[in-house]
Amino acid sequence: MQSQTETTTAVTQRPDHLPQVAGLIRNPGMELDMDWVMRAQANTSAIERRTATLPGRRSVKKDYQAAWLLKAISLIDLTTLAGDDTPGRVRRLCAKARQPVREDLLDALGMERLTTGAVCVYHDMVEVAVEALQGSGIPVAAVSTGFPAGLSPFALRVAEIGESVKAGAAEIDIVISRRHVLTGNWQALYDEMKEFRAACGEAHVKAILATGELGSLRNVARASLICMMAGADFIKTSTGKEGVNATLPVSLVMIRAIRDYEARTGIKVGYKPAGGISKAKDSLVYLSLLKEELGNRWLQPDLFRFGASSLLGDIERQLEHHVTGAYSAAFRHPLA
C-alpha cells in the first residue's frame, strides 16, 4: 500500500490545473481514441475461469475477516431507490449511515468511528438526505438522467443533473443510453457522457453501464473505456433494476479497463459494483478481486463503492457472530 508521503508526491507531480477529488487528481477525460476502443476484446471463457476460482481461493477468517468486513462497510453507498420512499425512510437510512454498526459491537471490535461511504437516493430526496447528514462528512449521491432506463428527453436528463447538484448532491450516478452500445454508436456515447460530466460540475460523476443489458463482455469493455475517456470519475455496473446486475466476470472486465486507463493516462478511476451484492461473503470476494487486480489504493471510498442496501445488515450480523459466537436475528440490526 502507498504511504501518505508517496501519495502526496504523486499528486504534486501532476499538472496543477487538474481538479482534485478526495486527494486524487480528477479524471479530466481525453479525446475519443477509437483505435483503442476497437482493440478492446474480452475472452469470455478465460474471464469466467478466472472469476470462478476466486471465492474458493481467497477467504479470510476470524479477526482478519472482521477487519475486512469493517472495511466493506466504509465502502457502501447505502441506498434506497424505491417508489414508496418517504422523508422518514431517508432520515432513518441516513441515521444508519452515521452509525452503521451498533455501538457495543464497535467497542468490542476496537473501532471508535465508522460510517458508510455515501447515501444514495432519488433526486426528490436529496435535500432531506443532505440535511440529515449535515456535519457527518458523508456525501449524498443522487441517481439521475432518467434513472433507471435513461430514456427521457436528453435536455431533461441534463437538467436533472443540474437540479440534483443544486439540491446538494456531491455525487451523481448517471445512466448511459444502452442503445449507443448495442448499435456501436461509440461517438454518440462519448458525446453524451461528456455532456453529463460537464453538467455535474464539481460533483463526482459515476457512469452506470447497466452491464446486464449490453449484450457481451466486449461491449462492457468498450463502454467502460469510452465513459472514462469522456471524464467519468467512476464506472458502475448496474442500476440494480436490471435482470442481471453486478457479476464477477463483468467486474473483472471493468476493473481491467480501469487498469488499462491508468496505465495509459496516469489517472485513477473508481469502480462501483451494484445490484445483487447482499451477503457479507460476497463483499469479501469483490474486495479480494479489486486488491489483486488494482492494488490496495483502490480499497478506499474515493475509488471503490458497493451499491447496496441489504448488504449492511448481513455484515453487521456477521460481526455480531464474531464478537459473541452466536448469530442474531435480523431485527437486531435494523437498516432503515
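Tell me, what is the percent relative contact order of the chain, built from C-alpha pairs under 8 Å that lie six or more residues apart?
Contact order relative to length: 20 percent.
Please find the FRET efficiency linking K166 to T53, where r is the Cβ-Cβ separation and R0 is fixed at 41 Å, and quote it to the nearest 0.05.
FRET efficiency, K166 to T53: 0.30.
Between D124 and K241, what length comes free when the chain is fully extended (0.36 nm per residue of separation minus the Cα-Cα distance, one decimal in nm)? All intermediate terms of the calculation are to be shown ahead of the outcome.
Numbers: separation 117, 0.36 × 117 = 42.12 nm, distance 1.87 nm.
Result for the pair: 40.3 nm of gain on full extension.
From the phi angles alone, apply the Karplus equation (6.51, -1.76, 1.60; θ = phi - 60°) to segment 306-322 and give each ³J(HN,Hα) in whole Hz, x where the residue is Gly or Pro.
Taking θ as phi minus 60°, the curve returns 9, x, 7, 10, 6, 4, 4, x, 6, 5, 4, 5, 5, 5, 5, 4, 4 Hz for segment 306-322.
Sum -39500 (n - 2.57) across every DSSP H segment of at least 4 residues in the chain, then divide by the residue count to get the 222 nm mean residue ellipticity, nearest 500.
Details: 15 runs with 161 residues, N = 336.
Using -39500 (n - 2.57) per qualifying helix, the result is -14500 deg cm²/dmol.
Amide H to amide H, which residues 5 or more places from F306 or on other chains are under 5 Å from it, using H placed in the peptide plane?
Excluding prolines and chain starts, which carry no amide H, the hits are I76, D77.
Give me the one-decimal nm value for the distance between modelled label points at E292 and R259, 7 Å along each residue's Cα-to-Cβ direction.
Output for this residue pair reads 1.0 nm.
Give me D for the chain in µm² s⁻¹, whole number, from Stokes-Einstein with Rh from the Kirkwood sum over alpha-carbon pairs, 20 °C and 1.002 mPa s.
106
For segment 88-114, list residues with backbone N below 17 Å from a point placed 7 Å from the Cα of R317 toward its Cβ?
Residues 101-102 qualify, since their backbone N sits under 17 Å from the label point.
For the pair A159/S74, report the inter-label distance in nm, with labels modelled 7 Å from Cα in the Cβ direction.
Computed distance between label sites A159 and S74 equals 4.2 nm.
Counting heavy atoms of the protein chains only and a 1.4 Å probe, report the per residue accessible area for the chain as a whole number of Å².
With all protein chains present, the chain gives 43 Å² per residue.
Extension gain E31-D63, at 0.36 nm per residue separation less the Cα-Cα distance, in nm?
6.9 nm
When the label point is put 7 Å from the Cα of L151 along its Cα-to-beta-carbon vector, which residues of segment 167-200 have a backbone N closer than 19 Å?
174-185, 189
Once you have the Cα-Cα distance between Q134 and K281, take 0.36 nm times their residue separation minus that, and quote the gain in nm to one decimal.
Net length gain for the segment: 49.7 nm.
Ignoring ligands, DNA and RNA, please state the percent of accessible area on the chain from carbon and sulfur, probe 1.4 Å.
Carbon and sulfur atoms account for 51 percent of the accessible area of the chain.
Taking the full set of protein chains and a 1.4 angstrom probe, give the accessible area of Y327 in square angstrom, rounded to the nearest 10.
120
Mind pulling up the Rg/Rh value for segment 203-243? Radius of gyration and Kirkwood radius, both on Cα.
Over the Cα atoms of segment 203-243, Rg/Rh equals 0.97.
The values are calculated or read from the model by the stated rules, or taken from the named source; none is laboratory data. Given the structure is predicted, the values throughout are model-derived calculations rather than measurements. Reconstructed Cβ throughout: ideal geometry from the backbone, glycine too, with neighbour counts over all protein chains shown. The protein model used for the area step is the full one, side chains on, heavy atoms only, and it has no ligands, DNA or RNA in it. Shrake-Rupley method; radii C 1.70, N 1.55, O 1.52, S 1.80 Å.
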